[in-house]
Amino acid sequence: MSEDRGESGWDVDPEDEQGAAVVAAVGRQLKVWREIAGMKIADFARAIGYGEDLVRKVEAGTRIPRSEYLDKADAALKAGGRIAAMKVDVEPVRYPKRVRDLAKLEALAVEMYAYGNHNLHGLLQTEEYARVLFELRQPAQSAKVIESGMAGRMGRRAIFDRDPAPTLSFVLEEVTLRRPIGGKMVLRRQLEHLLDVAKLRQVTVQVMPTDREEHAGMGGLIQVLKFSDGTAVGRGEGRFHGRAVTDPKQVRILDLCYGMIRSQALSPRESIAFIEQVLGET
């Protein structure tokens, strides 16, 4: 049986009411399909290669099934693709709610800019670099929480494949390029990936050198998303108590601060050369 290892699915977040409702509905439908087929839980579990306990949890709506679980259920119950089609509904639920909300906003944005001072922005991270960051968090997180976070972070990278592509701007601190998170080889591959992303037509990457005497970003990270209807949402650690804001006047303040940060950082061309230099030194 392939089953009840944590890889078979994810626990439902009890605070995520919308996600819990989706998983409960999918579980009920799976149970109906199984009963119509005249299969007992033990027989169904054996047919799809998972444990009986997992099947019960999925049908009870307390466990989020993986895509392969739904594919195998579809085949075993001869559902003709109707169960497999539920993957579209289940896929987003496995991400933490706050990540889902962010991913939805990013999917709608026509412009995004972000400044971070501790780590590379999540959209710029390789899978292995991101995993190390999750594993370094304290207090230590469970494997399930890490996998859920990883799925959300990697899923957000779909923003680079959108057509038309949104305009993306990032300002990175020099220290984030030099700190050997995960070891030198992980960092090297991260820098190589960063260079690839920085050369995309819709992406601008700038580096803030550590030796800058003037720096408008000392208040912490800033991120702003702008939408096609002219509205925007932004957040700044050092502004508005760190809360997300939509008021045009408040977003404008974040705009101005980010503009100053960009003007103080290296130009995009200088930044690419700088990243190449750091890669050569790593």
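The values are calculated or read from the model by the stated rules, or taken from the named source; none is laboratory data. Quick caveat: nothing in here was measured; it's all calculated off a predicted structure. Note: ideal-geometry Cβ built from the backbone for every residue, glycine included; neighbour counts use all protein chains shown. Note: accessible area is taken over every heavy atom of the protein model, side chains too, but ligands, DNA and RNA are not part of it. Shrake-Rupley method; radii C 1.70, N 1.55, O 1.52, S 1.80 Å.
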Arg262 vs. criteria of a type in the set (D, E, K, R), open to solvent by 30 Å² or more (accessible area, probe 1.4 Å) and free of Cβ contacts under 8 Å to residues at least 60 places away in the same chain: no
Among the candidates Ser263, Ser267, residue that is of a type in the set (Gly, Ala, Ser), touching a strand residue (DSSP E or B) at 6+ places or on another chain (Cβ under 9 Å) and within 16 Å of Ser169 (Cβ to Cβ): Ser267
Single residue of the range 84-116 satisfying the filter (at pLDDT 90 or above and open to solvent by less than 40 Å² (accessible area, probe 1.4 Å)) that is farthest from the chain's Cα centre (by Cα): Ala84
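Condition check ((1) at negative phi; (2) among the β-branched types (Val, Ile, Thr); (3) open to solvent by less than 60 Å² (accessible area, probe 1.4 Å)) across all residues:
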{"position": "Tyr50", "(1), (2), (3)": "yes, no, yes"}
{"position": "Lys57", "(1), (2), (3)": "yes, no, no"}
{"position": "Ile64", "(1), (2), (3)": "yes, yes, yes"}
{"position": "Leu70", "(1), (2), (3)": "yes, no, yes"}
{"position": "Ala73", "(1), (2), (3)": "yes, no, yes"}
{"position": "Leu77", "(1), (2), (3)": "yes, no, yes"}
{"position": "Arg82", "(1), (2), (3)": "yes, no, no"}
Pick from the range 121-166, criterion touching a residue at least 60 places away in the same chain (Cβ under 8 Å) and under 19 Å from Met185 (Cα atoms), ranking: surrounded by the fewest Cβ atoms within 10 Å (Cβ to Cβ): Glu128
Residue list for the range 235-259, restricted to those being surrounded by 12 or more Cβ atoms within 10 Å (Cβ to Cβ) and on the phi > 0 side of the Ramachandran plot: Phe240, Gly242
Subset of the range 46-63 that is touching a helix residue (DSSP H, G or I) at 6+ places or on another chain (Cβ under 7 Å) and more than 18 Å from Ala76 (Cα to Cα) - its residue that is modelled with the highest pLDDT: Ala60
Test set (1) open to solvent by 50 Å² or more (accessible area, probe 1.4 Å); (2) at pLDDT 95 or above; (3) outside any helix (DSSP H, G or I) - Ser169 fails condition number: (1)
Any hit, the range 187-200, residues being surrounded by fewer than 19 Cβ atoms within 10 Å (Cβ to Cβ) and small (Gly, Ala, Ser): no
Test result for Thr176, of a type in the set (Val, Ile, Thr), under 26 Å from Val251 (Cβ atoms) and open to solvent by 70 Å² or more (accessible area, probe 1.4 Å): no
